[in-house]
Amino acid sequence: MEEKKKEGKNEENNEELEDLRRYIEDLTSFLPLAFCMVSPLDRVLDANRKFEEMTGYEKMEVAGSKIDSLFRDKREVERFIALVTSKDSVEEKEMTLVTKRGMGVPVKVSALARRDAEGEFSGYFITIDDITEKKRFEDELERKIKERTEELENAKEKLEESEAILEVKVNARTRELRELNEKLEERVRERTKKLEEKAKELQEKAKETKKTQTALLNIAEDNEKALHEAQEEKQKTLAIVKNFVDGLLLFDNNGKLSMVNPKAGEMFEVDSKEVSGKSITSLKKFPKLKKLINEVTGEEIKKVFREEMELENEVFYEITVIPIEHEKREIGRLITAHDITREKSIEKIKSEFVSVAAHQLRTPLAGIKWTLQAVIEEDEEADIPEEIMSFVKKAYEANDRMVNLVNDLLNVTRIEEGRYAYKPKKEDLKEIMTTLIDEYRKEIEAKGVSFKINEPEEKLPPVEVDKEKIILVAQNFLDNAMKYTKEGEVVMSMGLTEDGKKIKVSVSDTGVGIPENQQERMFSKFFRADNVQRMETEGSGLGLFIAKNIVEAHKGAIWFESEEGKGSTFYFTLPVAKNEKD
């Protein structure tokens, strides 16, 4: 019967303990302090979330572990626990907590003994507060107090030293002032003497100044005469500028318009008073001046030599920008505008005449070509004498050259009239050049000239070109290299430029080269260098002009390098075709 009573009582105690544990758990889960409940045997029974965050251990990891395993000094923990179990009040102690990672954290531990209904010891509660910041603050405060104390002591010592030094300096300064006063008196005497001497010199100089004044008056008279002469010269110059048949616009170094002659005002429909002194940007509000600035000068006034500009329909000006220098220093830039409307209309009439004449010649020349070709093809069946057949073949070759000349004239006319149409498509330039080279290789090697091609190993990106027109450019390069190279080699090269944005094609030869004084005219119409005219009478001088216009119409560049007697290299570049992403 008594045993049953004891069992019932134990169950009640266990339930009460469980209720207490749940209550404590609910209460401490929101506490900002780490909390744990310890058994009478110093084993951890429960802990809150803050405890887990501070120690790094989860509740289940420390449950059943001895409480002293969480601290660095075990003996200190034992003494603290003995004190807590002997009292009913809260006890506090600063100790070092060891986290799961092995880090030491300074903490303040507070503990309270737990007793049952009979007053028997049944464990204790512990709260742990991180005092790292507090410790840091206290250490910093102590350090600063120590530093300040040392500073005050040093300041006191320095003050005592300063007082002694000050007394010494005052005495020394008194002596210096006395000596300085004596020196000043001596200098005053010396200065007085010098001033007396200076007064005498000034009297003598006054006499000399009077003579100089007379000489200056004479010079002023001479200057006035020179100024009058300069004024006359200026008036003459202004008269010339005013009556000049070409338009003149003078800009200073700051890009401001400083002078406009009447002819320029008439050409560009502006009043010289209204535009004088205005900057390039301000001049853009005048329509015709804006066209001049945009097409010729840009934002900065650049040097231009005879550049043509169509100001309005059928009105053309030849623009030249000349730097004006004075004593080897540029003081401005002069723009001259020469009316070439009449010359352009004559040139247009000439182009129209050439176009009509070429068209009229084309039909009979084609008829002659077909007739001669038929005779040559029927050579064996017709039994024509060999001597007559040689004449027929020469006539066929001469007629073929005439047809090519007519075609070149028509191409030039179309270029000048803006009717030289282009039908660009994405093409493989390497494939185009390789096909063309196969046609020329045998013909070049038959002349005893070696031929070589430098092809890139990697595949070249496509270019957007009119295939037939680009073939004309390459044919022109190869025809010239073959025609003017008697011995040596001809080399064609192709590849990407360094920036990878263009493909460069070049044809080099070891021929006669181009005289240096004639190189500037190589891309002009009907131009042929003197040395090639002497060695080869055939040629129209139109091939390079046509090639230049074709390349530039494809947004490419064309140029050459040459040395007379050593050969030439002609180049052209074409931009790589943009893909869909670009």
- With respect to the numbered conditions (1) of a type in the set (D, E, K, R); (2) within 24 Å of GLU310 (Cβ to Cβ); (3) not in a loop (DSSP other than H, G, I, E, B), which one is the sole condition not fulfilled by LYS285? (3)
- Query: Across region 283-298, what is the number of residues that are under 13 Å from PHE251 (Cα atoms) and either at pLDDT below 70 or loosely packed, with under 14 Cβ neighbours inside 10 Å (or both)?
  - Reply: 1
- Any residue in region 497-513 that's over 21 Å from LYS566 (Cβ atoms): show its pairings with residues that are open to solvent by 30 Å² or more (accessible area, probe 1.4 Å) and in a loop (DSSP other than H, G, I, E, B) at Cβ separation under 9 Å, as long as the two are six or more apart or on different chains. GLY500/PRO461; ILE503/PRO461; ILE503/THR497; LYS504/THR497
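Only residues that are over 60 Å from the mean Cα position of the chain (by Cα) and either among the aromatic types (Phe, Trp, Tyr) or surrounded by 14 or more Cβ atoms within 10 Å (Cβ to Cβ) (or both): list them for region 49-68, please. Don't jump to the end; show me each part of the working.
Looking only at region 49-68, we keep the residues that are over 60 Å from the mean Cα position of the chain (by Cα), and these are 59-68.
Once the filter is applied, which keeps residues that are over 60 Å from the mean Cα position of the chain (by Cα) and either among the aromatic types (Phe, Trp, Tyr) or surrounded by 14 or more Cβ atoms within 10 Å (Cβ to Cβ) (or both), region 49-68 yields LYS59, GLU61, VAL62, ALA63, LYS66, ILE67, ASP68.
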- Does ILE165 qualify as being open to solvent by less than 90 Å² (accessible area, probe 1.4 Å), in contact with a Leu (Cβ under 9 Å, 6 or more places away or on another chain) and not aromatic (Phe, Trp, Tyr)? no
- With (1) at pLDDT 85 or above; (2) assigned to a loop (DSSP other than H, G, I, E, B); (3) farther than 18 Å from PHE560 by Cα; (4) open to solvent by 30 Å² or more (accessible area, probe 1.4 Å) as the list, and LEU460 as the residue in question, which single condition is left unmet? (4)
- Identify all residues within region 442-480 that are of a type in the set (Lys, Arg) and more than 28 Å from LYS501 (Cβ to Cβ); write none if there are none. LYS442, LYS447
- Options ASP479, ASP509, ASP499: the member that is open to solvent by less than 30 Å² (accessible area, probe 1.4 Å) and of a type in the set (D, E, K, R): ASP509
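The values are calculated or read from the model by the stated rules, or taken from the named source; none is laboratory data. All values reported here derive from a predicted model rather than from experimental measurement. Note that we place each Cβ from the backbone using ideal geometry, even for glycine, and neighbour counts take in every protein chain shown. What goes into the accessible areas is simple: the full protein's heavy atoms, side chains included, and nothing from ligands, DNA or RNA. Shrake-Rupley method; radii C 1.70, N 1.55, O 1.52, S 1.80 Å.
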